[in-house]
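Reviewing the structure listed below.
The values are calculated or read from the model by the stated rules, or taken from the named source; none is laboratory data. The model shown is predicted, which means the values in this text are computed figures rather than measured ones. No Cβ is skipped: glycine too gets one built from the backbone with ideal geometry, and neighbour counts run over all protein chains shown. The protein model used for the area step is the full one, side chains on, heavy atoms only, and it has no ligands, DNA or RNA in it. Shrake-Rupley method; radii C 1.70, N 1.55, O 1.52, S 1.80 Å.
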Amino acid sequence: MGNTESPRLGVFTTDAALTIRTWDPTLAVMTGIPADRVTGQPIRTAIPDLDDRDLAGRFERVLASGVVEVLTPAFHGHLIACAPAAASRHFTTMRQRATIAPLRDEHDAIVGVIVTVEDLTARIERERDL
(Lines give C-alpha, C1' and ligand atoms only; values in the text may rest on other atoms or scores of the structure.)
Protein backbone atom coordinates (compact mmCIF):
# COMPACT_ATOMS: atom_id res chain seq x y z
CA MET A 1 0.00 0.00 0.00
CA GLY A 2 1.36 3.47 -0.93
CA ASN A 3 2.16 6.26 1.43
CA THR A 4 -0.70 8.76 1.66
CA GLU A 5 1.32 11.40 3.48
CA SER A 6 0.85 14.80 1.82
CA PRO A 7 3.90 16.95 1.23
CA ARG A 8 4.06 20.06 3.37
CA LEU A 9 3.62 23.28 1.43
CA GLY A 10 4.45 26.73 2.77
CA VAL A 11 3.94 30.11 1.12
CA PHE A 12 5.47 33.55 1.32
CA THR A 13 5.07 36.74 -0.69
CA THR A 14 7.21 39.76 -1.37
CA ASP A 15 6.61 43.21 -2.78
CA ALA A 16 8.36 44.53 -5.90
CA ALA A 17 11.43 45.47 -3.82
CA LEU A 18 11.67 41.81 -2.72
CA THR A 19 10.75 42.65 0.85
CA ILE A 20 8.88 39.80 2.53
CA ARG A 21 5.24 40.75 3.13
CA THR A 22 3.69 37.44 4.21
CA TRP A 23 5.09 34.21 5.66
CA ASP A 24 2.44 31.59 6.34
CA PRO A 25 2.24 29.41 9.48
CA THR A 26 3.15 26.21 7.59
CA LEU A 27 6.36 27.80 6.33
CA ALA A 28 7.15 29.00 9.85
CA VAL A 29 6.81 25.43 11.16
CA MET A 30 8.74 23.92 8.23
CA THR A 31 11.69 26.30 8.50
CA GLY A 32 11.64 27.12 12.21
CA ILE A 33 11.61 30.80 11.22
CA PRO A 34 8.68 32.73 12.74
CA ALA A 35 6.81 35.18 10.51
CA ASP A 36 7.56 38.15 12.76
CA ARG A 37 11.30 37.59 12.28
CA VAL A 38 11.21 37.83 8.46
CA THR A 39 8.14 39.89 7.57
CA GLY A 40 9.35 43.33 6.48
CA GLN A 41 12.87 42.04 5.80
CA PRO A 42 14.54 42.05 2.37
CA ILE A 43 14.59 38.54 0.94
CA ARG A 44 18.40 38.60 0.96
CA THR A 45 18.30 39.13 4.73
CA ALA A 46 15.73 36.39 5.31
CA ILE A 47 17.54 33.96 2.98
CA PRO A 48 21.16 35.12 3.29
CA ASP A 49 22.73 32.64 0.87
CA LEU A 50 20.57 33.58 -2.16
CA ASP A 51 23.42 35.38 -3.92
CA ASP A 52 26.01 32.75 -3.00
CA ARG A 53 23.86 30.08 -4.66
CA ASP A 54 22.99 32.29 -7.67
CA LEU A 55 19.25 32.23 -6.85
CA ALA A 56 18.55 35.96 -6.40
CA GLY A 57 18.45 36.46 -10.16
CA ARG A 58 15.52 34.07 -10.43
CA PHE A 59 13.41 36.33 -8.21
CA GLU A 60 14.47 39.37 -10.22
CA ARG A 61 13.60 37.59 -13.50
CA VAL A 62 10.10 36.80 -12.22
CA LEU A 63 9.60 40.47 -11.31
CA ALA A 64 10.98 41.74 -14.63
CA SER A 65 9.34 39.35 -17.07
CA GLY A 66 6.52 37.56 -15.29
CA VAL A 67 7.95 34.09 -15.88
CA VAL A 68 7.53 31.32 -13.32
CA GLU A 69 10.73 29.84 -11.92
CA VAL A 70 10.92 26.38 -10.36
CA LEU A 71 13.77 25.29 -8.09
CA THR A 72 14.05 21.52 -7.80
CA PRO A 73 15.72 19.41 -5.13
CA ALA A 74 17.87 17.67 -7.77
CA PHE A 75 19.53 20.92 -8.88
CA HIS A 76 19.11 23.31 -5.95
CA GLY A 77 18.53 21.13 -2.88
CA HIS A 78 16.55 23.81 -1.08
CA LEU A 79 15.51 27.44 -1.19
CA ILE A 80 15.50 27.99 2.57
CA ALA A 81 18.12 26.06 4.51
CA CYS A 82 16.49 24.19 7.38
CA ALA A 83 16.54 20.77 8.98
CA PRO A 84 14.27 18.02 7.64
CA ALA A 85 10.99 17.55 9.52
CA ALA A 86 12.07 14.01 10.47
CA ALA A 87 15.56 12.60 10.89
CA SER A 88 17.04 11.65 7.54
CA ARG A 89 19.74 9.12 6.76
CA HIS A 90 20.61 10.95 3.53
CA PHE A 91 20.07 14.68 4.08
CA THR A 92 21.03 17.26 6.67
CA THR A 93 18.96 19.93 4.90
CA MET A 94 15.30 19.67 3.89
CA ARG A 95 14.86 18.88 0.18
CA GLN A 96 12.49 21.47 -1.28
CA ARG A 97 10.74 22.28 -4.53
CA ALA A 98 10.10 26.01 -4.72
CA THR A 99 7.94 27.77 -7.26
CA ILE A 100 8.46 31.52 -7.71
CA ALA A 101 5.61 33.22 -9.56
CA PRO A 102 4.62 36.81 -10.23
CA LEU A 103 2.14 38.38 -7.85
CA ARG A 104 -0.16 40.67 -9.82
CA ASP A 105 -2.60 43.40 -8.86
CA GLU A 106 -6.08 43.96 -10.26
CA HIS A 107 -4.56 45.71 -13.34
CA ASP A 108 -2.30 42.72 -14.07
CA ALA A 109 0.83 44.66 -13.04
CA ILE A 110 3.51 42.65 -11.24
CA VAL A 111 3.66 43.91 -7.66
CA GLY A 112 5.82 41.19 -6.12
CA VAL A 113 6.33 37.45 -6.08
CA ILE A 114 4.51 34.55 -4.47
CA VAL A 115 6.66 31.59 -3.50
CA THR A 116 5.55 28.09 -2.59
CA VAL A 117 8.02 25.85 -0.79
CA GLU A 118 7.24 22.14 -0.76
CA ASP A 119 9.02 19.73 1.57
CA LEU A 120 9.95 16.67 -0.52
CA THR A 121 12.48 15.20 1.90
CA ALA A 122 10.44 12.15 2.97
CA ARG A 123 9.56 11.26 -0.60
CA ILE A 124 13.14 11.57 -1.85
CA GLU A 125 14.35 9.60 1.17
CA ARG A 126 11.96 6.73 0.28
CA GLU A 127 13.04 6.83 -3.37
CA ARG A 128 16.71 6.63 -2.38
CA ASP A 129 15.98 3.68 -0.12
CA LEU A 130 14.48 1.79 -3.07
* To do: Collect the residues in segment 38-53 that are in a loop (DSSP other than H, G, I, E, B) and touching a residue at least 12 places away in the same chain (Cβ under 8 Å), keeping them in residue-number order.
  => THR39, GLY40, GLN41, ILE47, ASP49, ARG53
* Mind listing whichever residues of segment 104-116 are among the aliphatic types (A, V, I, L, M) and surrounded by 20 or more Cβ atoms within 10 Å (Cβ to Cβ)? => VAL113, VAL115
* Asked: What is the residue count in segment 73-98 for residues that are part of a strand (DSSP E or B), open to solvent by less than 40 Å² (accessible area, probe 1.4 Å) and either out of contact with any helix residue (DSSP H, G or I) (no Cβ under 8 Å at 6 or more places or on another chain) or of a type outside the set (A, V, I, L, M, F, W, C) (or both)?
  -> 1
* Asked: Listed residues ALA81, ALA101; which is among the small types (Gly, Ala, Ser) and farther than 16 Å from ASP15 by Cα?
  -> ALA81
* Selection count where residues are open to solvent by 80 Å² or more (accessible area, probe 1.4 Å) and either under 15 Å from the mean Cα position of the chain (by Cα) or among the small types (Gly, Ala, Ser) (or both), scope segment 61-72 -> 2
* Give the residue, chosen from ALA56, ALA35, ALA28, that is surrounded by 14 or more Cβ atoms within 10 Å (Cβ to Cβ), under 12 Å from the mean Cα position of the chain (by Cα) and either closer than 16 Å to THR13 by Cα or without any contact (Cβ under 8 Å) to a residue 24 or more places away in the chain (or both). => ALA28
* Starting from residues that are among the acidic types (Asp, Glu) and modelled with pLDDT of 95 or more, keep the ones in segment 1-25 and report whichever is surrounded by the fewest Cβ atoms within 10 Å (Cβ to Cβ). => ASP15
* **Pairs where the first residue, in segment 78-90, is under 25 Å from ALA56 (Cα atoms) and the second is part of a loop (DSSP other than H, G, I, E, B), C-beta under 6 Å, 6+ apart** => HIS78/THR93; HIS78/MET94; ILE80/ILE47; ALA81/THR93; CYS82/GLY32; CYS82/MET94; PRO84/PHE91; PRO84/MET94
